[in-house]
1. Obtain the radius of gyration and the Kirkwood radius of segment 147-190 from its C-alpha atoms and give Rg over Rh.
2. If you put +1 on each Lys and Arg Cβ and -1 on each Asp and Glu Cβ, how big is the dipole of segment 182-294 around its Cα centre, in Debye rounded to 20?
3. On average, how much accessible surface per residue is there in the chain, in Å², for a 1.4 Å probe, leaving out ligands, DNA and RNA?
4. What is the pair-distance distribution P(r) of segment 257-362, computed from all Cα-Cα distances in 5 Å bins starting at 0, with each bin given as a whole percent?
5. Compute and list, largest first, the equivalent-ellipsoid semi-axes of segment 240-308 from the alpha carbon gyration tensor, each √(5λ) rounded to a whole angstrom.
6. For segment 102-143, which GluC sites (Glu not before Pro) are in a loop by DSSP, counting at most 16 other Cβ atoms within 10 Å?
7. Please compute one quarter of the surface area of the Cα convex hull for the chain and express it in square nanometres.
8. Please list the radius of gyration and Dmax for segment 36-183, considering alpha-carbon atoms only, with Å as the unit.
Amino acid sequence: MSRVLLIGSDRNFAEACVSRGLDVVAVRNASVFSNGLLTFPEEVRQVAVPNQSDLEQVVSGLGHAGLTMGDFDAVYTNFEFAVVMAAGLAQNLGLPGLGTEVAVRMRDKFLQKQRLAEKGIPVAESRVFHTPPTLADVEALGFPLVLKPVAGAGTESTTRVDDATAFQRTVAAFFSAKEARKVLLVEQFIAGEEFVLDGWIHNGVIGFSSLGRYERPCLEIAASATSMRMYRCSETTHPGLAERATNLAADALTALGMRSGVFHLEFFRLPNGSLVFSECAARRGGALVEEEIRLARSVSLAEAAVDLCLGTAPQTAPTAQVLEVGSIHPKLPAGVILDLPNIHRLTQQDGVDYVRYFTYLGATSSGNFNSTDQRSAAMLAGAPTLAELDKRLEHVETLFLDETVLSPNVSPRHMREFQVQTLGRSDLADRSYTAASAGTSPRRNS
């Protein structure tokens, strides 16, 4: 029986391994056990470490569990910050994988764009800085600019700046933040529709791909209270674009040296119809990308990843997309969550296929957002037309927001008013002895 080392909390991958009878060991951050969000099949052996992207801690944790790296036939991760480590481990053991140099390119957005520009693939012009840049350093790029970590994820700490004042303020905030990854990428802002292409490649040939799009660019969504909405594009809504996107991906992956694995590529379509590469990751897309593709095309990229990490070509059998498929990811304002709607009530709505909560009763919502990963729930739906899909997504999101009871995290006076007026708990209103005794029979000591 093959034994697979999973680094991170990819439940879909773990379930796919178990369904095939594989022995899978998952090294996961200890924090995920305490938050209880991602439960794994009981067949999976789990090893908790403080930091699953730290090589020493991963190897040490396995050693504490009585395991060595030589005990594994495959190494896999879908965790962005462990991609390079997993590739290095696989390469060191002679197992299938990206290879360390390719893995670094798939993480480092500057190296990506530099390599693709050399190959003539359209990208935004960019600069990389290990110390705070001056205006003169980026003058040639022109405003607006996008500032972000050179190897981040989920649009975290990514900011558009439109003038010199905003640039200087953002640079100062970036390099003063208490983070280990303080390498700044400054690039030209691209105005266009933002798309994704998710799929797998084996021996240099793309075997499957699925086109998707964001309703609004991630940069607009990340720092706002707006819900992210994603779609799987059909040939009806975007004729010919999937083929063009797959050709772009084939050129990009060849240039980057990625020959086998699952990929998540983002690109822009400009008003004139041309495509501009944005970035590409050697992993599945986040949010509900896995579930969207399953519903739209009957393909699991998690299943494909199992084959690829074992060195074999996936045997996917995609179906034609007959439904318009999409997902919505609501955010909640600041406050304490007192109640959530019954999740089964939401999944019973027309076209809703799956609902997942990322919050829980008693959780505190900060109301501050700086990443697309910050959401309270996710809903997946399908419909015969795009217009009907939007109606269904809006309906299920409205139900979630309307039926969630959120206590405002404000002053004690407003909290007292909330519990009386909104919760209907008039018994909790403050009252004097006289008011409390009015209309009641006197109570006497016996």
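1. Working: Rg = 10.1 Å, Rh = 10.8 Å.
Ratio of gyration radius to Kirkwood radius: 0.93.
2. Numbers: 11 positive and 14 negative charges, 37 e Å.
Around 180 debye, computed over segment 182-294.
3. On the way: 20950 Å² over 446 residues.
Using a 1.4 Å probe on heavy atoms only, each residue of the chain averages 47 Å².
4. Calculated over all Cα pairs of segment 257-362, the distribution is 2, 9, 13, 16, 17, 15, 12, 9, 5, 1 percent.
5. On the way: eigenvalues 94, 51, 22 Å².
Working through the eigenvalues yields semi-axes of 22, 16, 10 Å.
6. Details: sites: Glu118, Glu125, Glu139; in loops: Glu125, Glu139.
The qualifying sites are Glu125, Glu139.
7. Projected area, direction-averaged: 29.0 nm².
8. 19.3, 57
The values are calculated or read from the model by the stated rules, or taken from the named source; none is laboratory data. Remember, predicted model here, so these are calculated numbers, not experimental data. Don't worry about glycine lacking a Cβ; one is built from the backbone with ideal geometry, like all the others, and counts go over all protein chains shown. Note: areas computed on protein heavy atoms with side chains; ligands, DNA, RNA excluded. Shrake-Rupley method; radii C 1.70, N 1.55, O 1.52, S 1.80 Å.
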